[in-house]
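Have a look at the structure below, then the notes.
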Amino acid sequence: MAITVETLDKLERRITLSLAADALKNEVDARLKKLARTAKADGFRPGKVPMNVVAQRYGYSVQYEVVNDQLGAAFAKAAQEAGLRVAGQPSISEKEGGPVEGQLQFDATFEVYPEVTIGDLSAAEVERASAEVNDAAIDRTVEILRKQRRTFAQRPATEGAADGDRVTIDFEGKIDGVPFEGGKAEGFQFLVGEGQMLEAFEKAVRGMKAGDSKTFPLAFPEDYHGKDVAGKEADFLVTVKKVEAQQLPELNEDFIKSLGLADGSVDALRADIKRNLEREVKFRVAARNKAAAMEALLGAVEFDLPKSLVDAETDRLLEGARADLKARGIKDADKAPIPAEMFKPQAERRVRLGLAVAELVKANNLQAKPEQLQAHIEELAQSYEQPAQVVAWYMSDRQRMAEVEAVVIESNVADFILSKAKVTDKALSFEELMGQQG
């Protein structure tokens with residue numbers, strides 16, 4: 001029997017499902033008889049409960065279960081026969097106009113996937129970044145490693161605080177002569193010149209000696225995280241209790257071996273740092289170029305989105321936001337009034353990109369190959385002390401392998417787009433790429 005598919009909207013469809021009343025009754029009776037073998041009721045031995053009692057107690061739920069099962073099977077069969085790619089779950093309701101003789105009829109309303117057509121990628125303009133690890137980047141990393149293991153020694157009373165020093169202070173701030181929440185502390189420590197405090201605060205403390213006190217004005221930025229004081233000016237009284245100068249460890253064999261390098265030479269340290277930085281640069285460049293390629297792909301497609309898929313993605317993003325709030329210790333995060341609408345643009349973008357990527361993969365055979373999966377996992381494992389164990393950890397779990405496969409497919413898609421588009425190469429400095437400007 002041919003299936004009649006009614007178009008309600010761009011992607012919305014409706015079909016009528018018919019269930020034979022006799023077949024439904026027979027299946028309900030069969031399930032009730034099976035249930036009667038183990039059913040229990042007061043006054044009867046197990047398995048001896050009369051059928052009329054079993055039917056009265058379980059009949060409605062069994063009928064509901066049977067109708068749901070048969071509707072699901074009927075819908076799947078109808079969609080397959082009609083060649084429909086169903087997006088999301090159908091909404092099923094009794095058909096208006098009453099039952100047809102011997103039949104129960106239902107309307108199934110649902111959405112289908114859109115026809116995805118990829119435009120001319122050769123017209124897309126994409127900027128492809130590149131970056132190299134230079135000696136300055138290695139030098140900076142060496143200094144970071146030294147700072148991570150620095151110690152502090154108290155400065156003489158005659159010496160003021162300088163950049164890199166750790167100061168211990170008492171302070172109190174007032175706005176229009178009134179103290180404000182979070183504006184007072186005793187025995188507070190921070191490192192001068194490392195951006196832990198507002199610049200005006202650091203500037204005031206710089207040069208002060210242990211025992212010095214000072215009052216100074218401080219204007220809070222308009223975008224300051226403390227909303228009660230953002231954009232306002234406060235007067236602070238600061239008393240320096242202690243000034244400690246940093247002591248950086250010498251770049252010698254003992255220090256280098258403490259980092260886990262058996263060869264305690266400076267050359268070995270710099271070579272190890274270079275390998276790690278090059279690995280990080282490679283991943284960051286790939287991520288940046290992948291994002292640029294995906295943006296070009298989005299610009300080359302235009303199609304309607306199934307509302308059901310957008311709604312599902314919106315729900316996932318909303319749940320992710322609640323989970324993030326909970327991880328930060330926010331009380332009752334699962335009840336936080338977060339409007340779902342704020343996630344809709346991001347959800348639409350994700351769904352559109354996912355459908356476009358799937359079409360590009362299918363049309364151009366861009367699936368992840370086994371050797372690509374292996375190579376990607378081995379590269380990830382190189383940053384760990386025991387790479388073989390990391391490789392085995394990935395390979396032993398289907399979910400982790402699925403995540404790796406998704407990353408490799410995205411890389412294949414990005415490479416394909418870059419091979420077709422008008423590409424402009426741009427060399428970035430290490431600092432630009434790593435976000436260490438200024």
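Numbers at a glance
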quantity	calculated
Matching residues, region 410-435, being of a type in the set (Ser, Thr, Tyr) and under 28 Å from VAL361 (Cβ atoms)	SER411, SER419, THR424
Residue check, PHE180 part of a strand (DSSP E or B) and either touching a Cys at 6+ places or on another chain (Cβ under 7 Å) or surrounded by fewer than 16 Cβ atoms within 10 Å (Cβ to Cβ) (or both)	no
Qualifying positions in region 31-47 - in a helix (DSSP H, G or I) and either open to solvent by less than 50 Å² (accessible area, probe 1.4 Å) or over 18 Å from VAL66 (Cβ atoms) (or both)	LEU32, ALA36
Meets criteria (within 30 Å of PRO306 (Cβ to Cβ), in contact (Cβ under 8 Å) with a residue 24 or more places away in the chain and open to solvent by 20 Å² or more (accessible area, probe 1.4 Å)) for GLY119	yes
Odd one out for GLY264 among (1) modelled with pLDDT under 90; (2) touching a Leu at 6+ places or on another chain (Cβ under 9 Å)	(2)
Region 312-338 residues that are without any contact (Cβ under 8 Å) to a residue 12 or more places away in the chain, paired with ones that are open to solvent by 40 Å² or more (accessible area, probe 1.4 Å) and among the polar types (S, T, N, Q) (beta carbon under 6 Å, 6 or more apart)	none
Pairs, first surrounded by fewer than 17 Cβ atoms within 10 Å (Cβ to Cβ) and outside any helix (DSSP H, G or I) in region 48-72, second at pLDDT below 90 and not β-branched (Val, Ile, Thr), C-beta under 8 Å, six or more apart	PRO50/PHE44
GLY119 vs. criteria in a loop (DSSP other than H, G, I, E, B), small (Gly, Ala, Ser), under 31 Å from the mean Cα position of the chain (by Cα) and farther than 30 Å from VAL238 by Cβ	yes
Residues satisfying the stated conditions in region 261-278, i.e. within 16 Å of GLU385 (Cα to Cα), open to solvent by less than 70 Å² (accessible area, probe 1.4 Å) and without any contact (Cβ under 8 Å) to a residue 24 or more places away in the chain	LEU261, ASP272
Hits in region 201-226 - residues which are within 38 Å of the chain's Cα centre (by Cα) and either under 18 Å from GLN189 (Cα atoms) or surrounded by 14 or more Cβ atoms within 10 Å (Cβ to Cβ) (or both)	PHE201, GLU202, LEU218, PHE220, TYR224
Any hit, region 136-152, residues being without any contact (Cβ under 8 Å) to a residue 24 or more places away in the chain, closer than 30 Å to VAL266 by Cβ, among the β-branched types (Val, Ile, Thr) and out of contact with any helix residue (DSSP H, G or I) (no Cβ under 9 Å at 6 or more places or on another chain)	yes
Selection from region 1-22 of residues that are out of contact with any Lys or Arg (no Cβ under 6 Å at 6 or more places or on another chain), open to solvent by 50 Å² or more (accessible area, probe 1.4 Å) and of a type outside the set (Val, Ile, Thr)	MET1, ALA2, ASP9, LYS10, GLU12, ARG14, SER18, ASP22
Residue check for THR109: under 30 Å from the mean Cα position of the chain (by Cα) and β-branched (Val, Ile, Thr)	no
Index of the failed condition, ALA293 passing every other in (1) open to solvent by less than 40 Å² (accessible area, probe 1.4 Å); (2) part of a helix (DSSP H, G or I); (3) without any contact (Cβ under 8 Å) to a residue 60 or more places away in the chain	(3)
Qualifying residue in region 385-393 (condition: of a type in the set (A, V, I, L, M), free of Cβ contacts under 8 Å to residues at least 12 places away in the same chain and surrounded by fewer than 17 Cβ atoms within 10 Å (Cβ to Cβ))	yes
Number of the condition not met by GLY195 [criteria: (1) open to solvent by 70 Å² or more (accessible area, probe 1.4 Å); (2) under 30 Å from LEU251 (Cα atoms); (3) of a type outside the set (S, T, N, Q)]	(1)
Unique residue being in contact (Cβ under 8 Å) with a residue 60 or more places away in the chain, open to solvent by less than 40 Å² (accessible area, probe 1.4 Å), more than 25 Å from LEU309 (Cα to Cα) and part of a helix (DSSP H, G or I) when the list is LEU418, LEU355	LEU418
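One line per residue, one yes/no per condition, for (1) assigned to a helix (DSSP H, G or I); (2) among the aliphatic types (A, V, I, L, M):
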position	(1), (2)
ALA234	no, yes
THR239	no, no
GLU244	no, no
PHE255	yes, no
GLY260	no, no
ASP263	no, no
ALA268	yes, yes
ASP272	yes, no
ARG284	yes, no
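To keep it simple, each residue is scored yes or no on (1) under 30 Å from VAL357 (Cβ atoms); (2) of a type in the set (Ser, Thr, Tyr).
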site: TYR113; (1), (2): yes, yes
site: ALA131; (1), (2): yes, no
site: ASN134; (1), (2): no, no
site: PRO156; (1), (2): no, no
site: GLY160; (1), (2): no, no
site: GLU202; (1), (2): no, no
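The values are calculated or read from the model by the stated rules, or taken from the named source; none is laboratory data. Keep in mind it's a predicted model, so treat the numbers as computed, not measured. So basically every Cβ, Gly included, is an ideal-geometry build from the backbone, and we count neighbours across all protein chains shown. Keep in mind that these areas ignore ligands, DNA and RNA; they rest on the heavy atoms of the full protein, side chains included. Shrake-Rupley method; radii C 1.70, N 1.55, O 1.52, S 1.80 Å.
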